[in-house]
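Comments concern the structure below.
The values are calculated or read from the model by the stated rules, or taken from the named source; none is laboratory data. Please read these numbers as outputs of a predicted model, since none were measured by experiment. Neighbour counts run over all protein chains shown; Cβ positions are idealised from the backbone, glycine included. In case anyone asks, the SASA skips ligands and DNA or RNA and just uses the protein heavy atoms, side chains included. Shrake-Rupley method; radii C 1.70, N 1.55, O 1.52, S 1.80 Å.
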Amino acid sequence: MISIIVAIADNYAIGCKNQLLWHISEDLQYFKRVTNGHPVLMGWNTWESIGKVLPNRRNMIVSRTPASAPGAEVFLSIPDALAAIEQNVNGQNGDGDGQKDQEVFIIGGGEIYRQFLPLADRLYLTLVHTSIEEADTFFPEIDFSQWREIFRESHPRGEKFDHPFDFVVLERL
Ligand SMILES: NC(=O)c1ccc[n+]([C@@H]2O[C@H](COP(=O)([O-])OP(=O)(O)OC[C@H]3O[C@@H](n4cnc5c(N)ncnc54)[C@H](OP(=O)(O)O)[C@@H]3O)[C@@H](O)[C@H]2O)c1
């Protein structure tokens, strides 16, 4: 299963100058809880932005010009990365001894989300209710008629964040 996890402003903004647009500790904790134990796949810019290996998760990066990324695996293309996940799910010799029903999380950024939105089975959205006009990276527009909501948790504000936000999970219809 391919899942996207992302925090999006009302205007679809997700980043600026290779950084996140906000610090929402509740969202960081949610991200950690949801992705824990699962492979995470990201673009090179997001890898650089995070700046470290995410523990207890298989860290997978795509880059057309790969450099060293200690603690992570680098793939030249999305099909290469997907094939590696598939191999792990099925077991290398096809005898089914791999991990079953593995959910892989696509964790950004903009370029990677654009390529994966048509492939995703599930979206874990943090809808951050503010508009960030100075952003330089955006999530692609979501056609909500193609998705059904299976979870929603609303927060009027964060402990140290002044805007409301919702954790929403959508499954493709
Ligand atoms: N709000 C959120 O939840 C969230 C989550 C994650 C990231 N972000 C933000 O998003 C921004 C980064 O996004 P971005 O769009 O600039 O970069 P990105 O998607 O993280 O990475 C883009 C890079 O990935 C590689 N790549 C992309 N498509 C590829 C393909 N088909 N095959 C092989 N390699 C491929 C290329 O690396 P090479 O140049 O090395 O070839 C490309 O330059 C940052 O501001 C970050 O903070 C936000």
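Taking every DSSP beta bridge with both residues inside the range 1-159, roughly what % is antiparallel (nearest 5)?
Around 15 percent antiparallel, to the nearest 5.
Please list, or write none, the aspartates and glutamates whose alpha carbon is within less than 19 Å of the alpha carbon of K17, excluding same-chain residues fewer than 8 places away.
The reachable aspartates and glutamates, counting only those whose Cα sits under 19 Å from K17, are E48, E111, E133, E134, D136.
What does the extension gain come out to for E73 and K160, with contour length at 0.36 nm per residue minus their alpha carbon separation?
Result for the pair: 27.9 nm of gain on full extension.
Among E141, E171, E103, E111, what's the order by accessible area (1.4 angstrom probe), most exposed first?
Ranked list, largest accessible area first: E141, E111, E171, E103.
Please list 3J(HN,Hα) in residue order for the range 12-25, calculated via the Karplus relation 6.51 cos²θ - 1.76 cosθ + 1.60 where θ = phi - 60°; whole Hz, with x for glycine and proline.
With the stated coefficients, the range 12-25 comes to 6, 5, 10, x, 8, 6, 6, 10, 5, 9, 7, 10, 10, 4 Hz.
Hey, rough spin-label estimate for S25 and E48, points 7 angstrom out along Cα→Cβ, what's it come to in nanometres?
Here the answer is 3.0 nm between the modelled labels.
Express in Å², to the nearest 10, the accessible area of K52 obtained by rolling a 1.4 Å probe over the protein heavy atoms while all chains stay in place.
120
Using just the helices of the chain, give the 222 nm mean residue ellipticity in deg cm²/dmol: DSSP H runs with n ≥ 4 each add -39,500 (n - 2.57), and the total is spread over all residues, rounded to 500.
The helix-only estimate for the chain comes to -6500 deg cm²/dmol at 222 nm.
Given an 8 Å cut-off on Cα distances and at least 6 residues of separation, report the relative contact order of the range 24-173 as a percent.
The normalised contact order for the range 24-173 reaches 21 percent.
Less than 19 Å from a label point 7 Å out along the Cα-to-Cβ axis of T130: which backbone N atoms in the range 19-49 qualify, by residue?
19-31
Just to be sure I follow: if Rg is taken over the C-alpha atoms of the range 131-173 and Rh is the Kirkwood radius over the same atoms, what is Rg/Rh?
1.05
Cross-link partners among aspartates and glutamates for K160, C-alpha distance below 15 Å, same-chain residues fewer than 8 apart left out?
Filter leaves E26, D27.
Report the percentage of all Cα-Cα pairs in the range 2-172 whose separation exceeds 21 Å, rounded to a whole percent.
I get 49 percent for the Cα pairs in the range 2-172 exceeding 21 Å.
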